[in-house]
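Colleague: The structure is given below, and queries will be raised subsequently.
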Amino acid sequence: MTIRAYGTGAFSTLRSTQTFEAAKTNLDALRSQLVTGKASATYSGLGAGGAAASLSLRTRLTSLDAYASSIGDGQLRLSMMNSGLEQITKLASGLTTSLAASASATPVGATNVAVSARSSLQNVIDILNTDVAGRYLFSGRSADTEPVAAASLILDGDGTRAGLKTLIAERKAADLGSGGLGRLTLSGTGTGVSLAEEAVPFGLKLGDATATGTGVVASVTAGPPRSVAVSVAAQPAAGDTVELGLTLPDGTAKTIKLVAGGSTAAGTTGYAIGATLAETAANIQAALASAIGEIAVSDLPASSAMKAANDFFAATPSSPPPRVAGPPYDTATGIVPGTPENTITWYRGDTSSSPRDTAPVKIGDTHVVGIGAQANEPAFQAVLASIAVLASDTFPETDPNALKRYQAVSAQVSVRLNGTGQQSVADITTELAIANGVMNRTAKDLKVTKSQTEDALAGIEDADPNEAAMKLLATQTRLEASYQTVSALQRLSLVNYL
């Protein structure tokens with residue numbers, strides 16, 4: 001009897017072979033599950049739905065890991081920045097304390113404070129030039145650029161370009177003027193005294209003027225330039241006053257108070273009541289000259305230095321500090337723009353109006369936290385300008401006005417460091433602390449989300465060892481039974497059958 005390949009027997013044999021091969025493949029897969037703990041070595045083994053879900057979950061895990069890495073990097077930078085801000089705050093606080101303690105210091109003590117201020121200035125600059133792995137933390141988007149020049153370059157220049165000391169000297173000369181009265185002109189005729197500003201952007205500026213009693217009258221002529229007229233219509237009574245407001249170059253206010261008949265009260269200047277009205281007017285003129293002269297050798301140079309420092313540290317790489325037009329400077333009438341060729345520009349970083357946004361940290365699909373900072377922010381400018389004013393000055397014992405200047409500078413610096421209504425280092429610290437808090441909370445949430453995602457992925461990709469073992473045992477049993485059946489059939493013959 002001939003059995004052809006396409007007959008029923010051939011088909012049965014093929015089916016049997018396929019069945020054995022499938023069982024063998026299934027057995028190998030189950031063994032692999034027990035060894036690896038995974039449902040399949042390939043995505044195709046997970047089925048269409050399982051493969052798509054697995055790929056989606058793994059993509060999600062990659063994103064979560066990226067956000068966690070960004071948060072870790074951001075927190076490292078914030079830690080370094082916070083440490084630096086704390087040091088700047090301590091330096092500023094320490095300087096304020098030293099100034100208060102040395103208010104009545106000798107010229108030598110005042111000079112020592114100035115020398116110490118130069119060291120403090122370099123410390124602040126070093127903090128603002130902090131970098132992490134080549135990324136400057138206080139340079140905004142210009143993270144590869146060191147933001148602040150060295151203290152020596154800022155103060156002294158480089159021989160070709162002027163530093164802050166030069167700009168302060170120019171401004172002091174321009175504000176004082178050649179007459180020594182802060183660019184004010186004082187004159188008197190008969191029973192009248194006149195005080196007038198110069199029509200220049202320098203020197204003292206006149207404010208309101210008032211007089212008590214009925215003998216002396218003070219009036220203001222609006223400008224610019226402004227002028228004040230004081231006339232003696234009748235002899236003042238002892239204790240009558242004339243008050244005159246002044247504005248210094250940096251915007252601070254000062255009041256002159258003249259008291260008829262003399263005065264020993266702090267902040268006042270007395271004048272004698274003369275035998276005639278003209279003599280009283282002359283005494284008022286002399287008292288004004290004395291009071292203004294006192295301001296010109298104490299408060300005015302301190303204010304001029306602070307104004308020059310404020311302008312210097314407000315400059316940007318594209319807008320160098322302004323300069324007094326000159327020489328000569330004591331008769332200067334205007335301000336000219338500085339240039340990169342003749343004036344040092346202290347800051348070289350980013351100039352964004354939103355410093356925090358210059359270093360965004362992506363911590364979620366749609367969530368970004370800004371942790372940027374710039375050394376040219378107002379809070380840092382205030383600290384740098386205040387310390388630099390002290391570091392730029394000297395108080396020689398041969399100068400009879402040295403202590404007066406030091407006390408005035410001390411007051412200016414203390415006010416600037418503790419000023420209200422402006423950004424402070426503490427404000428920046430708070431903003432960065434809020435950002436750090438957001439990242440801390442997000443990091444915790446990411447851990448929970450990652451754990452949930454990993455559990456979901458395990459439900460798809462991981463094999464149940466108990467289930468795999470039971471299936472393996474069942475498959476082995478079926479396969480052995482099949483082998484025994486096939487073996488028995490193979491031994492079957494016509495003789496055995498009969």
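Colleague: Output yes when any residue across region 109-124 is over 19 Å from VAL389 (Cβ atoms), surrounded by fewer than 20 Cβ atoms within 10 Å (Cβ to Cβ) and hydroxyl-bearing (Ser, Thr, Tyr), and no when none is. Steps first, please.
Modeller: Taking region 109-124 first, the residues over 19 Å from VAL389 (Cβ atoms) are none.
Scanning region 109-124, I find no residue that is over 19 Å from VAL389 (Cβ atoms), surrounded by fewer than 20 Cβ atoms within 10 Å (Cβ to Cβ) and hydroxyl-bearing (Ser, Thr, Tyr), so the answer is no.
Colleague: I need the full set of residues from region 166-202 which are under 29 Å from ALA278 (Cα atoms) and among the acidic types (Asp, Glu), in order please.
Modeller: If the condition is that a residue be under 29 Å from ALA278 (Cα atoms) and among the acidic types (Asp, Glu), then GLU197, GLU198 are the ones that fit.
Colleague: Condition first: touching a Pro at 6+ places or on another chain (Cβ under 6 Å) and buried (at least 22 other Cβ atoms within 10 Å of the Cβ). Now tell me which residues in region 303-330 satisfy that.
Modeller: Selection gives SER303, SER304, LYS307, PHE312.
Colleague: Being closer than 20 Å to ILE344 by Cβ, in a helix (DSSP H, G or I) and touching a residue at least 24 places away in the same chain (Cβ under 8 Å): is that true of GLU86 here? Please lay out each step first, then the result.
Modeller: On the way: closer than 20 Å to ILE344 by Cβ: no; in a helix (DSSP H, G or I): yes; touching a residue at least 24 places away in the same chain (Cβ under 8 Å): yes.
Against the criterion (closer than 20 Å to ILE344 by Cβ, in a helix (DSSP H, G or I) and touching a residue at least 24 places away in the same chain (Cβ under 8 Å)), GLU86 does not qualify.
Colleague: I would also like to ask the following. State the number of residues belonging to region 378-402 that are surrounded by fewer than 17 Cβ atoms within 10 Å (Cβ to Cβ) and part of a loop (DSSP other than H, G, I, E, B).
Modeller: Filtering region 378-402 down to residues surrounded by fewer than 17 Cβ atoms within 10 Å (Cβ to Cβ) leaves 378, 394, 396-401.
Pick out the ones that are also part of a loop (DSSP other than H, G, I, E, B) and you get 394, 396-401.
Result for region 378-402: 7.
Colleague: Taking region 341-362 on its own, how many of its residues are under 16 Å from the mean Cα position of the chain (by Cα) and either assigned to a strand (DSSP E or B) or small (Gly, Ala, Ser) (or both)?
Modeller: The first filter runs over region 341-362 and keeps only residues under 16 Å from the mean Cα position of the chain (by Cα), leaving 346-360.
Filter once more, so that each one left must be either assigned to a strand (DSSP E or B) or small (Gly, Ala, Ser) (or both): 347, 349, 352-354, 359-360.
Adding up the residues that qualify gives 7.
Colleague: Within region 179-191, does at least one residue satisfy the condition of being over 18 Å from ALA282 (Cβ atoms), surrounded by fewer than 22 Cβ atoms within 10 Å (Cβ to Cβ) and not assigned by TED's automatic domain parsing to the domain that holds ALA385?
Modeller: yes
Colleague: Does any residue in region 349-375 that is within 18 Å of THR449 (Cβ to Cβ) and assigned by TED's automatic domain parsing to the domain that holds ASP73 come within less than 7 Å, Cβ to Cβ, of a residue that is of a type outside the set (A, V, I, L, M, F, W, C) and in a strand (DSSP E or B) six or more places away or on a different chain, and which pairs are these?
Modeller: Taking only residues 6 or more apart or on different chains, the pairs are VAL368/PRO360; VAL368/LYS362.
Colleague: Right, next: So which pairs qualify, if the first residue must be in region 148-177 and at positive phi, the second must be in a loop (DSSP other than H, G, I, E, B), the Cβ gap must be under 8 Å, and the two must be at least 6 apart or on different chains?
Modeller: Matching pairs, first to second residue: GLY157/GLY163; GLY157/ILE344; GLY177/ARG183; GLY177/GLU198; GLY177/PHE202; GLY177/GLY203; GLY177/ASP330; GLY177/THR331.
Colleague: For region 139-154, state whether one or more residues are of a type in the set (D, E, K, R) and assigned to a helix (DSSP H, G or I).
Modeller: no
Colleague: State all residues of region 340-372 that are of a type in the set (A, V, I, L, M) and closer than 18 Å to ASN310 by Cα; if no residue qualifies, say none. I'd like the intermediate steps shown before the answer.
Modeller: Restricting attention to region 340-372, the residues satisfying the condition of being of a type in the set (A, V, I, L, M) are 344, 359, 361, 363, 368-369, 371.
Selection gives ILE344 alone.
Colleague: Is there any pair with a first residue in region 265-288 that is assigned to a loop (DSSP other than H, G, I, E, B) and a second that is among the β-branched types (Val, Ile, Thr) whose Cβ atoms are under 7 Å apart and which are 6 or more apart or on different chains, and what are they?
Modeller: Here the result reads THR268/VAL259; ILE273/THR280; GLY274/THR280, each pair linking region 265-288 to a residue that is among the β-branched types (Val, Ile, Thr).
Colleague: Can you pull out the residues in region 403-440 that are within 17 Å of the chain's Cα centre (by Cα), of a type in the set (Ser, Thr, Tyr) and surrounded by fewer than 13 Cβ atoms within 10 Å (Cβ to Cβ)?
Modeller: Hit for region 403-440 is THR430, nothing else.
Colleague: Report, by residue number, each residue of region 253-264 that is polar (S, T, N, Q) and either closer than 28 Å to MET306 by Cα or not in a loop (DSSP other than H, G, I, E, B) (or both). Steps first, please.
Modeller: Of region 253-264, the ones polar (S, T, N, Q) are 255, 263-264.
Of everything in region 253-264, just one residue is polar (S, T, N, Q) and either closer than 28 Å to MET306 by Cα or not in a loop (DSSP other than H, G, I, E, B) (or both), namely THR255.
Colleague: Is it true that PRO236 is surrounded by 18 or more Cβ atoms within 10 Å (Cβ to Cβ) and either outside the structural domain of GLN285 (by TED's automatic domain parsing) or outside any strand (DSSP E or B) (or both)?
Modeller: Details: surrounded by 18 or more Cβ atoms within 10 Å (Cβ to Cβ): yes; either outside the structural domain of GLN285 (by TED's automatic domain parsing) or outside any strand (DSSP E or B) (or both): yes.
Yes; evaluated as a whole, the condition is true for this residue.
The values are calculated or read from the model by the stated rules, or taken from the named source; none is laboratory data. The shown structure was predicted, so the numbers you read here are calculated from the model rather than taken from an experiment. Cβ sites come from the backbone with ideal geometry, for glycine too, and all protein chains shown count toward neighbours.
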